[in-house]
């Protein structure tokens, strides 16, 4: 890693300006596709798919949730699968071979299940093979996949030992997220209210994981472009990887990375990526569930991203966030009713006239993306956040 004698020095304000620009929040792009947004963000957190649709739409001028759905279920340029940290993400389909190879190379976390619940390495591989075979030709619900895996792997895979919401799940289900990270499973379109799964090779003929070292380099650089400047430790947190392993990985990319300083602390960017765009004012944005969560997990400590009251009011409640100049300055809630969406925004800082006008523009944009007529109320959000 390049460690210049006099490294570039950046303020947190600079970092916010970079983040807003690179994420398409400063100026929504007129020419980007949903897959381009997912690439720029190093994956879009999609635990709440409506939030992912809104997050992508906010970054593309004139886009709506229909455009995101078309990318997922029409041309399949986006794929919904298990990505960083084993959590649900939207990733560019063209980059999936790189992501799968990189995620497969991350040392597994410490086993969290009791010994009587776990699978042996051999059993895990047998389940992954069974999932891959079962999903080759179609889309299956979890119950249909359950039957197929037990049939192929053996009755032990169906032992009801995994703690679930109101009962027990079959043993094999602890490998579902791993199957996504290994590239043998992704999400299919919902069948009514039921989630389905399929094999990514159905939509990307010839799909194969890439070579490991180029894939790891791709993920590091994607992360740093989206969330840098950052440290190996923050990268490890974002990827749910061991800190020592991440430090060794950064060191192996000597010459590709550059050291900078952020508020006096050493961090890294992709070599040459030190530009700071001019801030856009007024900068007021309404980000959906998990959008600012990705900001925090990706890089900055909560104290910088969630200053003052925002730490207790927004961070701990996992609300949708009002962003002013790149930091969390409030929360908001939406309630859909037919063709209308009611937006309640609770600022935690005083908004000037220009910022309030921009908030109105953003509310209209949210309505456009959700394909509903918005009604904005500035007041207290009385409902709880997302679990």
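Applying the criterion of at least 2 residues that are out of contact with any helix residue (DSSP H, G or I) (no Cβ under 7 Å at 6 or more places or on another chain), over 16 Å from residue 11 (Cα atoms) and touching a residue at least 24 places away in the same chain (Cβ under 8 Å) to the strands (runs of 3 or more DSSP E) found wholly in the stretch 218-332 leaves 320-324. Considering (1) within 24 Å of residue 239 (Cα to Cα); (2) out of contact with any strand residue (DSSP E or B) (no Cβ under 9 Å at 6 or more places or on another chain); (3) part of a helix (DSSP H, G or I), the lone condition that residue 108 does not fulfil carries the number (3). Does residue 73 count as out of contact with any helix residue (DSSP H, G or I) (no Cβ under 9 Å at 6 or more places or on another chain), over 26 Å from residue 321 (Cα atoms) and assigned by TED's automatic domain parsing to the domain that holds residue 169? Yes.
Looking across the stretch 79-95, the residues that are part of a strand (DSSP E or B) and farther than 23 Å from residue 110 by Cβ come down to 79, 80, 81, 90, 91, 92. Listed here are the strands (runs of 3 or more DSSP E) enclosed by the stretch 146-213 that have at least 3 residues being in contact with a strand residue (DSSP E or B) (Cβ under 8 Å, 6 or more places away or on another chain), at pLDDT 95 or above and surrounded by 13 or more Cβ atoms within 10 Å (Cβ to Cβ): 186-191, 194-198.
Quickly run through the stretch 25-60 and pick out the residues that are under 11 Å from the mean Cα position of the chain (by Cα) and not in a helix (DSSP H, G or I). Residues satisfying the conditions are 41, 42, 43, 44, 45, 46, 47, 48.
Filtering the stretch 333-348 down to residues that are in a loop (DSSP other than H, G, I, E, B) and touching a strand residue (DSSP E or B) at 6+ places or on another chain (Cβ under 9 Å), which residue is surrounded by the fewest Cβ atoms within 10 Å (Cβ to Cβ)? Can you show your working first?
Of all residues in the stretch 333-348, those in a loop (DSSP other than H, G, I, E, B) come to 338-339, 348.
Among the residues that remain, those that are also touching a strand residue (DSSP E or B) at 6+ places or on another chain (Cβ under 9 Å) are: 339, 348.
Details: 339: 9, 348: 18.
Restricting to residues being in a loop (DSSP other than H, G, I, E, B) and touching a strand residue (DSSP E or B) at 6+ places or on another chain (Cβ under 9 Å), the top hit is 339.
Just one residue in the set 87, 124 is touching a helix residue (DSSP H, G or I) at 6+ places or on another chain (Cβ under 6 Å), assigned by TED's automatic domain parsing to the domain that holds residue 186 and surrounded by fewer than 20 Cβ atoms within 10 Å (Cβ to Cβ); that residue is 124. If you go through the stretch 349-371 and keep only what is surrounded by fewer than 18 Cβ atoms within 10 Å (Cβ to Cβ) and in a loop (DSSP other than H, G, I, E, B), you end up with 349, 350, 352, 371. In the stretch 61-70, the condition of being closer than 20 Å to residue 370 by Cβ, assigned to a helix (DSSP H, G or I) and either touching a residue at least 60 places away in the same chain (Cβ under 8 Å) or not assigned by TED's automatic domain parsing to the domain that holds residue 186 (or both) is met by at least one residue.
The values are calculated or read from the model by the stated rules, or taken from the named source; none is laboratory data. Since this is a predicted model, take the numbers as computed values, not measurements. Ideal geometry is used to build each Cβ from the backbone, glycine not excepted, and the neighbour counts take in all protein chains shown.
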